[in-house]
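First the structure, in the form of structure tokens, and then the observations on it.
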Amino acid sequence: MSELSNFQHIFQKGSTDSGRTILALHGTGGDEGSLLPITRVVAPGASILSVRGKVLENGAPRFFRRLAEGVFDMEDLHFRTSELAEFIHQAATTYNFETKDLFAIGYSNGANIASSLMLSFPGLLRGGVLFRAMVPFVPPTSPDLTGTHVFMAQGKHDPIVPLEQAEDLCLMMRSFGASVELKWIEMDHRITRAELNDASDWLAKQA
Ligand code: MLT
């Protein structure tokens, strides 16, 4: 694996009857182990590629730098997004899965890099389940997201993600051709069991 895209990660092979692979992307302060329990609920039987973000914010791993809460370092975001895309290609060869069938499951900062991957490299992922996502960036030209399927679960009382950020991301992705289901939860930044079940039902319907 090249130095450029050398990410700490876990790969767990799924049960033989499920061909699906999930890219699991943690929130700020998490690591490659953090989203495994959630991913097993949302995508039972799937193979899991769970990655640790390389940026450290006061020791807390993240997928890209931020200047303040909700204010992203755009140069770093684009660099880290490309680096992660390169890693995904390498991992697909190493672990023998098809990227075109790959769904991300991302939480918070992990949801934001998942959106950034979809906006920057249309078709790299088949789609994603995004918990507490924001607009990572607004592309200067419209990517074609036809065939990209996204489920968003957002907290109505989230002190970190403003409601309009979720609405803007949903509308922007739809305007680029993605199919996006946005679900509002009576919750804050924390994920509830009910929304994991909703995400699981949604994912099971994606062919
Ligand atoms: C981010 O930085 O990606 C978002 O503000 C969410 C977070 O990780 O706190």
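FYI, it's all coordinate maths here, none of it is from the lab. Bear in mind that the values here come from a model prediction, so they are computed numbers and not experimental data. Quick reminder, even Gly has a Cβ in these numbers, built from the backbone with ideal geometry, and neighbours come from all protein chains shown.
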Label-to-label distance, nm, for residues given as E86 and W184 (7 Å Cα→Cβ offset): 4.2
Radius 11 Å from Cβ of F151, net charge of other residues (Lys, Arg +1; Asp, Glu -1): -2
Candidate lysines for bridging to K13, where Cα separation is under 25 Å - those fewer than 8 sequence places away on the same chain excluded: K54, K100, K205
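If I take R0 = 25 Å and measure r between the Cβ atoms of V41 and V138 in this structure, what FRET efficiency does the formula 1/(1 + (r/R0)^6) give, to the nearest 0.05?
On the way: r = 32 Å, r/R0 = 1.29.
After rounding, the FRET efficiency stands at 0.20.
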Whole-angstrom gap from region 117-133 to region 25-67, using each part's C-alpha centre: 15
Mean Cα-pair separation over length for the chain, i.e. relative contact order, pairs under 8 Å, 6 or more apart, %: 18
Residue-wise HN-Hα coupling along region 157-174, computed from phi with Karplus coefficients 6.51, -1.76, 1.60 (Hz; x: Gly, Pro): 10, 6, x, 9, 10, x, 3, 5, 5, 5, 4, 4, 5, 4, 5, 5, 5, 4
Separation in nanometres of the label points that stand 7 Å from Cα toward Cβ, at K205 and E69: 3.4
